[in-house]
Amino acid sequence: MLFTAIKDRTATIGDRARLFESLIQDSYKQAYGLAYRLTGNVAEAEDLVQESFVRAYRFFHRYDETLPFTSWLYRIMTNAHIDMVRRRGRIKTTSLEASGTDGATTWDLPDIDASPDRHMLLNALDEPVQKALTSMTAEFRTAVLLADVEGLAYEEVAEIMRTSVGTVRSRIHRGRKQIRNYLLKHAPQTYRSFCDEL
Amino acid sequence: MNCKSVQSRLSAYLDRELGGDELLQMRAHMSLCRECRCEAEGLRALKSLLGGIECPEPPADLPQRLTATVLRERCERPARTIRISALMFAGVTACSMLATLLVLNMGLGSHSEQTAGRGGSQSNVLEDRPFGGDFGSGPILSTANFGPR
(Lines give C-alpha, C1' and ligand atoms only; values in the text may rest on other atoms or scores of the structure.)
Protein backbone atom coordinates (compact mmCIF):
# COMPACT_ATOMS: atom_id res chain seq x y z
CA MET A 1 0.00 0.00 0.00
CA LEU A 2 2.85 2.32 0.89
CA PHE A 3 4.63 1.47 -2.35
CA THR A 4 1.45 2.11 -4.38
CA ALA A 5 1.09 5.51 -2.75
CA ILE A 6 4.72 6.36 -3.53
CA LYS A 7 4.28 5.18 -7.13
CA ASP A 8 1.15 7.31 -7.56
CA ARG A 9 2.87 10.32 -6.06
CA THR A 10 5.87 9.90 -8.38
CA ALA A 11 3.51 9.71 -11.37
CA THR A 12 1.79 12.91 -10.22
CA ILE A 13 5.14 14.61 -9.84
CA GLY A 14 6.02 13.57 -13.39
CA ASP A 15 2.79 15.10 -14.77
CA ARG A 16 3.35 18.21 -12.72
CA ALA A 17 6.87 18.61 -14.11
CA ARG A 18 5.67 18.20 -17.71
CA LEU A 19 2.96 20.82 -17.21
CA PHE A 20 5.44 23.15 -15.59
CA GLU A 21 7.90 22.76 -18.46
CA SER A 22 5.23 23.93 -20.89
CA LEU A 23 4.45 26.89 -18.63
CA ILE A 24 8.14 27.84 -18.66
CA GLN A 25 8.11 27.81 -22.46
CA ASP A 26 5.01 30.01 -22.56
CA SER A 27 6.04 32.58 -19.99
CA TYR A 28 9.83 32.87 -19.79
CA LYS A 29 10.05 35.83 -22.17
CA GLN A 30 7.54 37.89 -20.22
CA ALA A 31 9.15 36.85 -16.96
CA TYR A 32 12.58 37.83 -18.24
CA GLY A 33 11.25 41.21 -19.42
CA LEU A 34 9.88 42.09 -16.00
CA ALA A 35 12.97 40.71 -14.25
CA TYR A 36 15.23 42.83 -16.45
CA ARG A 37 13.23 45.97 -15.72
CA LEU A 38 13.20 45.19 -12.00
CA THR A 39 16.90 44.49 -11.69
CA GLY A 40 18.33 46.67 -14.44
CA ASN A 41 20.89 44.17 -15.70
CA VAL A 42 21.08 40.87 -17.52
CA ALA A 43 22.89 38.78 -14.88
CA GLU A 44 20.53 39.66 -12.03
CA ALA A 45 17.53 39.31 -14.33
CA GLU A 46 18.50 35.69 -15.04
CA ASP A 47 19.02 34.99 -11.34
CA LEU A 48 15.63 36.47 -10.54
CA VAL A 49 13.84 34.53 -13.28
CA GLN A 50 15.45 31.30 -12.13
CA GLU A 51 14.64 31.91 -8.48
CA SER A 52 11.04 32.76 -9.39
CA PHE A 53 10.49 29.59 -11.43
CA VAL A 54 12.08 27.41 -8.76
CA ARG A 55 9.81 28.92 -6.11
CA ALA A 56 6.81 28.62 -8.40
CA TYR A 57 7.55 24.93 -8.96
CA ARG A 58 8.07 24.29 -5.27
CA PHE A 59 4.66 25.77 -4.47
CA PHE A 60 2.95 24.71 -7.67
CA HIS A 61 0.31 22.81 -5.71
CA ARG A 62 -0.93 26.19 -4.46
CA TYR A 63 -1.42 27.61 -7.95
CA ASP A 64 -5.04 28.29 -8.83
CA GLU A 65 -5.35 27.13 -12.45
CA THR A 66 -8.34 29.40 -13.08
CA LEU A 67 -6.01 32.42 -12.88
CA PRO A 68 -3.29 33.38 -15.39
CA PHE A 69 0.02 31.72 -14.60
CA THR A 70 1.96 34.93 -15.28
CA SER A 71 0.04 36.84 -12.59
CA TRP A 72 0.95 34.18 -10.07
CA LEU A 73 4.54 34.12 -11.29
CA TYR A 74 4.76 37.92 -11.05
CA ARG A 75 3.64 37.76 -7.44
CA ILE A 76 6.40 35.28 -6.72
CA MET A 77 8.89 37.36 -8.69
CA THR A 78 8.10 40.61 -6.90
CA ASN A 79 8.57 38.88 -3.55
CA ALA A 80 11.77 37.22 -4.73
CA HIS A 81 13.02 40.56 -6.02
CA ILE A 82 12.38 42.31 -2.70
CA ASP A 83 14.09 39.41 -0.88
CA MET A 84 17.03 39.62 -3.26
CA VAL A 85 17.40 43.37 -2.82
CA ARG A 86 17.18 43.09 0.97
CA ARG A 87 19.64 40.20 1.05
CA ARG A 88 22.17 42.22 -0.85
CA GLY A 89 21.46 45.29 1.27
CA ARG A 90 20.71 47.31 -1.75
CA ILE A 91 17.31 48.85 -1.17
CA LYS A 92 17.63 52.24 -2.77
CA THR A 93 16.30 54.98 -0.59
CA THR A 94 18.42 57.81 -1.93
CA SER A 95 16.58 60.55 -3.69
CA LEU A 96 16.64 60.74 -7.43
CA GLU A 97 18.10 64.20 -7.20
CA ALA A 98 21.12 62.87 -5.33
CA SER A 99 21.99 60.17 -7.83
CA GLY A 100 24.08 61.02 -10.82
CA THR A 101 25.57 64.13 -9.30
CA ASP A 102 28.86 62.42 -8.56
CA GLY A 103 29.67 62.01 -12.21
CA ALA A 104 29.29 58.21 -12.01
CA THR A 105 26.20 58.25 -14.17
CA THR A 106 26.84 60.15 -17.31
CA TRP A 107 24.44 60.05 -20.17
CA ASP A 108 26.06 59.61 -23.52
CA LEU A 109 22.96 60.51 -25.40
CA PRO A 110 23.15 60.27 -29.15
CA ASP A 111 22.83 63.40 -31.22
CA ILE A 112 19.25 63.73 -32.26
CA ASP A 113 18.39 65.84 -35.27
CA ALA A 114 15.56 68.34 -35.47
CA SER A 115 12.83 65.84 -36.33
CA PRO A 116 13.77 62.51 -34.78
CA ASP A 117 11.40 59.62 -35.05
CA ARG A 118 9.69 58.19 -32.02
CA HIS A 119 11.50 54.87 -32.12
CA MET A 120 14.88 56.56 -32.05
CA LEU A 121 13.81 58.70 -29.10
CA LEU A 122 12.55 55.65 -27.29
CA ASN A 123 15.92 53.96 -27.76
CA ALA A 124 17.71 57.06 -26.54
CA LEU A 125 15.53 57.20 -23.42
CA ASP A 126 15.80 53.51 -22.63
CA GLU A 127 18.93 53.80 -20.53
CA PRO A 128 17.88 56.88 -18.55
CA VAL A 129 14.48 55.27 -17.88
CA GLN A 130 16.18 52.12 -16.59
CA LYS A 131 18.49 54.21 -14.41
CA ALA A 132 15.50 56.07 -13.02
CA LEU A 133 13.72 52.78 -12.30
CA THR A 134 16.78 51.34 -10.56
CA SER A 135 17.04 54.44 -8.39
CA MET A 136 13.53 53.96 -6.99
CA THR A 137 12.51 51.76 -4.09
CA ALA A 138 11.59 48.20 -5.07
CA GLU A 139 7.94 48.82 -4.14
CA PHE A 140 7.55 51.89 -6.37
CA ARG A 141 9.46 50.28 -9.22
CA THR A 142 7.35 47.12 -9.10
CA ALA A 143 4.05 49.03 -9.04
CA VAL A 144 5.02 51.21 -12.01
CA LEU A 145 6.34 48.30 -14.07
CA LEU A 146 3.32 46.10 -13.46
CA ALA A 147 0.96 48.90 -14.47
CA ASP A 148 2.87 50.52 -17.34
CA VAL A 149 5.00 47.78 -18.85
CA GLU A 150 2.80 44.78 -18.11
CA GLY A 151 -0.43 46.77 -18.50
CA LEU A 152 -2.14 45.33 -15.42
CA ALA A 153 -5.12 46.94 -13.68
CA TYR A 154 -4.59 48.41 -10.22
CA GLU A 155 -6.55 45.60 -8.64
CA GLU A 156 -4.26 43.02 -10.22
CA VAL A 157 -1.18 44.97 -9.13
CA ALA A 158 -2.60 45.14 -5.59
CA GLU A 159 -3.23 41.39 -5.64
CA ILE A 160 0.29 40.66 -6.82
CA MET A 161 1.89 43.04 -4.33
CA ARG A 162 -0.50 42.00 -1.54
CA THR A 163 -1.50 45.53 -0.73
CA SER A 164 -4.51 47.83 -1.14
CA VAL A 165 -5.60 49.48 -4.38
CA GLY A 166 -5.15 52.85 -2.66
CA THR A 167 -1.49 52.08 -1.92
CA VAL A 168 -0.96 50.94 -5.50
CA ARG A 169 -2.55 54.13 -6.83
CA SER A 170 -0.23 56.21 -4.67
CA ARG A 171 2.90 54.22 -5.56
CA ILE A 172 2.22 54.40 -9.29
CA HIS A 173 1.54 58.13 -9.23
CA ARG A 174 4.55 59.01 -7.11
CA GLY A 175 6.74 56.57 -9.04
CA ARG A 176 5.84 58.11 -12.39
CA LYS A 177 6.51 61.59 -11.09
CA GLN A 178 9.93 60.48 -9.83
CA ILE A 179 10.80 59.06 -13.25
CA ARG A 180 9.59 62.18 -15.03
CA ASN A 181 11.63 64.45 -12.73
CA TYR A 182 14.66 62.26 -13.29
CA LEU A 183 14.32 62.42 -17.06
CA LEU A 184 13.77 66.17 -16.99
CA LYS A 185 16.97 66.52 -15.02
CA HIS A 186 19.23 63.99 -16.77
CA ALA A 187 17.89 63.78 -20.31
CA PRO A 188 15.79 66.94 -20.69
CA GLN A 189 16.26 67.52 -24.39
CA THR A 190 15.48 63.97 -25.45
CA TYR A 191 12.53 63.68 -23.09
CA ARG A 192 11.00 66.97 -24.23
CA SER A 193 11.49 65.95 -27.87
CA PHE A 194 9.71 62.69 -27.15
CA CYS A 195 6.79 64.51 -25.50
CA ASP A 196 6.56 66.91 -28.45
CA GLU A 197 6.41 63.97 -30.85
CA LEU A 198 3.26 62.64 -29.25
CA MET B 1 -12.07 69.61 -6.48
CA ASN B 2 -8.97 71.84 -6.46
CA CYS B 3 -5.76 71.51 -8.50
CA LYS B 4 -3.92 69.61 -5.75
CA SER B 5 -6.54 66.88 -5.40
CA VAL B 6 -6.95 66.63 -9.18
CA GLN B 7 -3.20 66.27 -9.76
CA SER B 8 -2.88 63.59 -7.09
CA ARG B 9 -5.45 61.54 -9.03
CA LEU B 10 -4.09 62.10 -12.51
CA SER B 11 -2.33 58.75 -12.86
CA ALA B 12 -5.46 56.88 -11.81
CA TYR B 13 -7.47 59.04 -14.21
CA LEU B 14 -5.14 58.25 -17.12
CA ASP B 15 -5.23 54.55 -16.23
CA ARG B 16 -9.06 54.59 -16.29
CA GLU B 17 -9.16 53.61 -12.66
CA LEU B 18 -11.61 56.31 -11.60
CA GLY B 19 -15.36 56.22 -11.80
CA GLY B 20 -18.55 57.88 -10.65
CA ASP B 21 -18.48 61.35 -9.14
CA GLU B 22 -14.70 61.37 -8.86
CA LEU B 23 -14.33 60.99 -12.61
CA LEU B 24 -16.98 63.61 -13.37
CA GLN B 25 -15.34 66.11 -11.00
CA MET B 26 -11.94 65.48 -12.58
CA ARG B 27 -13.32 66.08 -16.07
CA ALA B 28 -15.14 69.22 -14.98
CA HIS B 29 -12.02 70.65 -13.37
CA MET B 30 -9.73 69.86 -16.29
CA SER B 31 -12.05 71.39 -18.83
CA LEU B 32 -11.45 74.69 -17.05
CA CYS B 33 -7.85 74.33 -15.79
CA ARG B 34 -5.02 74.58 -18.29
CA GLU B 35 -2.33 73.75 -15.73
CA CYS B 36 -3.94 70.42 -14.79
CA ARG B 37 -4.45 69.57 -18.48
CA CYS B 38 -0.73 70.17 -19.10
CA GLU B 39 0.16 68.01 -16.12
CA ALA B 40 -2.09 65.26 -17.45
CA GLU B 41 -0.46 65.47 -20.89
CA GLY B 42 3.00 65.18 -19.32
CA LEU B 43 2.02 62.05 -17.41
CA ARG B 44 0.31 60.60 -20.47
CA ALA B 45 3.56 61.01 -22.43
CA LEU B 46 5.51 59.29 -19.67
CA LYS B 47 3.03 56.42 -19.55
CA SER B 48 3.40 56.03 -23.29
CA LEU B 49 7.19 56.07 -22.93
CA LEU B 50 7.21 53.39 -20.23
CA GLY B 51 4.85 51.21 -22.24
CA GLY B 52 7.00 51.53 -25.36
CA ILE B 53 10.48 50.82 -24.12
CA GLU B 54 11.86 47.56 -25.39
CA CYS B 55 13.46 44.89 -23.30
CA PRO B 56 16.49 42.87 -24.43
CA GLU B 57 15.72 39.39 -25.69
CA PRO B 58 16.40 36.63 -23.17
CA PRO B 59 19.30 34.24 -23.96
CA ALA B 60 18.26 31.55 -26.42
CA ASP B 61 19.05 28.71 -24.02
CA LEU B 62 17.24 30.25 -21.04
CA PRO B 63 14.13 27.99 -21.17
CA GLN B 64 16.35 24.88 -21.33
CA ARG B 65 18.38 26.05 -18.35
CA LEU B 66 15.25 26.91 -16.39
CA THR B 67 13.75 23.51 -17.14
CA ALA B 68 16.98 21.77 -16.09
CA THR B 69 16.96 23.64 -12.77
CA VAL B 70 13.35 22.71 -12.14
CA LEU B 71 14.05 19.07 -13.07
CA ARG B 72 16.83 18.97 -10.50
CA GLU B 73 14.26 20.17 -8.03
CA ARG B 74 11.97 17.35 -9.17
CA CYS B 75 14.67 14.74 -8.59
CA GLU B 76 15.31 15.96 -5.07
CA ARG B 77 11.71 16.14 -3.90
CA PRO B 78 10.45 12.54 -4.41
CA ALA B 79 13.51 11.16 -2.58
CA ARG B 80 12.75 13.35 0.37
CA THR B 81 9.08 12.40 0.22
CA ILE B 82 9.86 8.70 0.21
CA ARG B 83 12.24 9.10 3.11
CA ILE B 84 9.61 10.99 5.11
CA SER B 85 6.93 8.40 4.20
CA ALA B 86 9.14 5.49 5.28
CA LEU B 87 9.94 7.20 8.57
CA MET B 88 6.28 7.91 9.19
CA PHE B 89 5.39 4.29 8.39
CA ALA B 90 8.02 3.00 10.82
CA GLY B 91 6.85 5.39 13.52
CA VAL B 92 3.19 4.46 13.14
CA THR B 93 4.05 0.72 13.21
CA ALA B 94 6.14 1.10 16.36
CA CYS B 95 3.39 3.06 18.09
CA SER B 96 0.76 0.48 17.10
CA MET B 97 2.89 -2.38 18.47
CA LEU B 98 3.45 -0.55 21.73
CA ALA B 99 -0.25 0.24 22.05
CA THR B 100 -1.14 -3.44 21.40
CA LEU B 101 1.33 -4.61 24.04
CA LEU B 102 -0.05 -2.12 26.53
CA VAL B 103 -3.66 -3.16 25.91
CA LEU B 104 -2.75 -6.86 26.14
CA ASN B 105 -0.81 -6.21 29.30
CA MET B 106 -3.65 -4.35 30.98
CA GLY B 107 -6.35 -6.79 29.83
CA LEU B 108 -4.48 -9.88 30.97
CA GLY B 109 -3.42 -8.13 34.15
CA SER B 110 -6.98 -7.54 35.27
CA HIS B 111 -7.84 -11.13 34.28
CA SER B 112 -4.96 -12.43 36.40
CA GLU B 113 -6.03 -10.36 39.38
CA GLN B 114 -9.53 -11.84 39.17
CA THR B 115 -8.05 -15.36 38.98
CA ALA B 116 -5.75 -14.59 41.91
CA GLY B 117 -8.75 -13.70 44.03
CA ARG B 118 -10.21 -17.19 43.40
CA GLY B 119 -7.13 -19.51 43.93
CA GLY B 120 -4.43 -19.34 46.65
CA SER B 121 -1.49 -21.05 44.86
CA GLN B 122 -1.74 -18.74 41.79
CA SER B 123 -1.81 -15.71 44.04
CA ASN B 124 1.63 -16.64 45.39
CA VAL B 125 3.16 -16.85 41.93
CA LEU B 126 1.84 -13.41 41.03
CA GLU B 127 3.14 -11.87 44.20
CA ASP B 128 6.61 -13.24 43.45
CA ARG B 129 6.67 -11.63 40.00
CA PRO B 130 4.55 -8.47 40.00
CA PHE B 131 3.81 -6.49 36.85
CA GLY B 132 5.39 -3.32 38.21
CA GLY B 133 7.13 -1.20 35.54
CA ASP B 134 8.71 -4.15 33.65
CA PHE B 135 7.20 -3.71 30.25
CA GLY B 136 8.48 -6.84 28.54
CA SER B 137 7.81 -9.32 31.33
CA GLY B 138 4.05 -8.68 31.56
CA PRO B 139 2.62 -10.91 28.83
CA ILE B 140 5.16 -13.70 29.46
CA LEU B 141 4.23 -13.82 33.12
CA SER B 142 0.54 -13.83 32.31
CA THR B 143 0.86 -16.68 29.80
CA ALA B 144 2.83 -18.71 32.31
CA ASN B 145 0.09 -18.28 34.87
CA PHE B 146 -2.55 -19.82 32.61
CA GLY B 147 -0.98 -23.30 32.91
CA PRO B 148 -2.28 -24.58 36.28
CA ARG B 149 -5.92 -23.57 35.66
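Might you check whether a residue that is in contact with a Cys (Cβ under 6 Å, 6 or more places away or on another chain) and at pLDDT 80 or above occurs anywhere in segment B:50-57?
Checked segment B:50-57: no residue is in contact with a Cys (Cβ under 6 Å, 6 or more places away or on another chain) and at pLDDT 80 or above.
Just name the residue that is surrounded by the fewest Cβ atoms within 10 Å (Cβ to Cβ) out of those in segment A:22-60 that are hydroxyl-bearing (Ser, Thr, Tyr) and within 19 Å of B:LEU71 (Cα to Cα). Show your work before the answer.
Applying the first criterion (hydroxyl-bearing (Ser, Thr, Tyr)) to segment A:22-60 yields A:22, A:27-28, A:32, A:36, A:39, A:52, A:57.
Narrowing the set further to residues that are within 19 Å of B:LEU71 (Cα to Cα) leaves A:22, A:27-28, A:52, A:57.
Details: A:SER22: 11, A:SER27: 21, A:TYR28: 20, A:SER52: 24, A:TYR57: 23.
The residue in question is A:SER22.
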Original post:
Which numbered condition trips up B:CYS95, out of (1) in contact with a helix residue (DSSP H, G or I) (Cβ under 7 Å, 6 or more places away or on another chain); (2) more than 11 Å from chain A (Cβ to nearest Cβ); (3) at pLDDT below 85?
Top reply: (1)
**OP:** Could you check how many residues of segment B:55-73 are among the acidic types (Asp, Glu) and within 7 Å of chain A (Cβ to nearest Cβ)?
**Re:** 1
Subject >> Failed criterion for A:THR12 (all others in (1) within 13 Å of another protein chain (Cβ to nearest Cβ); (2) at pLDDT 90 or above hold) >> reply: (2)
Original post:
Looking at segment A:61-71, which of its residues are crowded, with 16+ Cβ neighbours inside 10 Å and more than 17 Å from the chain's Cα centre (by Cα)?
Top reply: A:TYR63
Original post:
Among B:THR143, B:THR115, B:THR81, B:THR100, which is at pLDDT 60 or above and part of a helix (DSSP H, G or I)?
Top reply: B:THR100
Original post:
If you check A:SER170, A:SER135, which single one turns out to be without any contact (Cβ under 8 Å) to a residue 24 or more places away in the chain and either outside the structural domain of A:TRP72 (by TED's automatic domain parsing) or β-branched (Val, Ile, Thr) (or both)?
Top reply: A:SER170
Subject >> Selection within segment A:16-49 - facing chain B (nearest Cβ under 9 Å) and either over 14 Å from the mean Cα position of the chain (by Cα) or outside any helix (DSSP H, G or I) (or both) >> reply: A:ARG16, A:ALA17, A:PHE20, A:GLU21, A:ILE24, A:GLN25
**OP:** Identify all residues within segment A:130-187 that are crowded, with 24+ Cβ neighbours inside 10 Å and in contact with a His (Cβ under 9 Å, 6 or more places away or on another chain); write none if there are none.
**Re:** A:ALA132, A:ARG141, A:THR142
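The values are calculated or read from the model by the stated rules, or taken from the named source; none is laboratory data. All figures in this text were calculated on a predicted structure; none of them were measured in a lab. Counting neighbours? That spans all protein chains shown, and the Cβs are built from the backbone with ideal geometry, glycine included.
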